[in-house]
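No value in this document is a laboratory result; all are computed from the given coordinates. Every value quoted in this text rests on a predicted model; they were computed, and no experiment measured them. As a convention, Cβ positions derive from the backbone with ideal geometry for all residues, glycine included, and neighbour counts pool all protein chains shown.
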Amino acid sequence: MTQRVAILISGGGSNMVALVDSMTGDHPARPCLVLSNDPNAGGLEKAAARGVPVAVVDHRPFAGDRAGFEATLQRELEKVGAEIVCLAGFMRILTPAFVANWQGRMLNIHPSLLPKYPGLDTHARALTAGDPEAGCTVHEVTAELDAGPILGQARVPVLPGDTPDMLAARVLTQEHILYPAVLRRFAAGDRRPVFLP
Ligand code: GRF
C-alpha cells in the first residue's frame, strides 16, 4: 500500500524537492502535502510546480499558543490522510504531545552527525571543534530535540579553509541523497539505517 507522505518546510525546501522528485515509479510512497509555517517559503512554489498540494499554517497568529498552532497543523495532515511526516528545513519546535501522536511516523533531517551538535549552527560548531569530518543525520522525531533513533547518516570531509557556508553546501548535497534513500527504506517498513558513503 503506497504510503502518503506530508513534508513540512519553512524555507527554500531543497530537501523537500529531493524527496518529492524521488517518490516515483515503484517507490512505496507518494507526496500528499507540502506544508509551511511561513507563507513566503520558497518551497511552496516548487511543490505546486510539481503538482503537490500545498498548505500554509502561519505560526505567527498563534504566538504563545503552540497547542493551537499544532491543532491546526494536525487538521491539515488529517485532511490529506498523511501517514508519514517528513520535517525538511522545518524550523518550529514541536511539543511532546504532537510528536507522541506521530511517534514512529515522523522523520527529520539534521545537518550534523548526531549525537554531535543538536540544535543550531552545527557547521560553525564542527569547524570550531576542528572536526575532520561533518555530515547530516536523518532520525525519527521524538520529544527530545534532534535525539530520536538514527535512520541514516552521510559523512563529508572538512577541508582546509572551510567556512560554515562552504561546509553547509557540501553537507546539503549529501542531504539530498540521504533523505530520499532513508524515506524509500522507511516507507517500505525497513528501519535499518542508511550510511553514506
Ligand atoms: C538544511 O541544512 C537542513 O539540514 C536543515 O534545514 C536546511 C535547509 O533545508 N534541516 P532546505 O533547503 O529548506 O530543505
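So the values come out like this:
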read-out: Placed amide H near G89: partners under 5 Å, 5+ positions off or other chain; value: I109
read-out: Net +/- balance of residues flanking D146 in space, Cβ distance below 13 Å, scoring K and R +1, D and E -1; value: -1
read-out: Lys/Arg +1, Asp/Glu -1 at C-beta; the chain dipole; positive extreme among A154, A82, M16; value: A82
read-out: Debye, to nearest 20: dipole size of the chain, +1 on Lys, Arg Cβ, -1 on Asp, Glu Cβ; value: 380 debye
read-out: Contour excess over end-to-end distance, with Cα ends at D165 and R30 and 0.36 nm allotted per residue; value: 45.4 nm
read-out: Along principal axes, Cα extents of the stretch 1-102, largest first, whole Å; value: 43, 28, 19
read-out: Kirkwood Rh, angstrom, the chain [1 / mean 1/r, Cα pairs]; value: 17.0 Å
read-out: Rg in Å to one decimal, and Dmax rounded to a whole Å, for the stretch 109-197 via C-alpha atoms; value: 12.8, 42
read-out: Calculated from backbone phi, Karplus (6.51, -1.76, 1.60) coupling profile of the stretch 80-90 in Hz, x at Gly/Pro; value: 9, x, 4, 10, 10, 10, 10, 7, 9, x, 8
read-out: Where a label projected 7 Å from the Cα of L172 along Cα→Cβ would reach, residues of the stretch 85-103 with amide N under 14 Å; value: 89-90
read-out: Two-site label geometry, K79 and T2: point separation in nm, points 7 Å out along Cα→Cβ; value: 2.1 nm
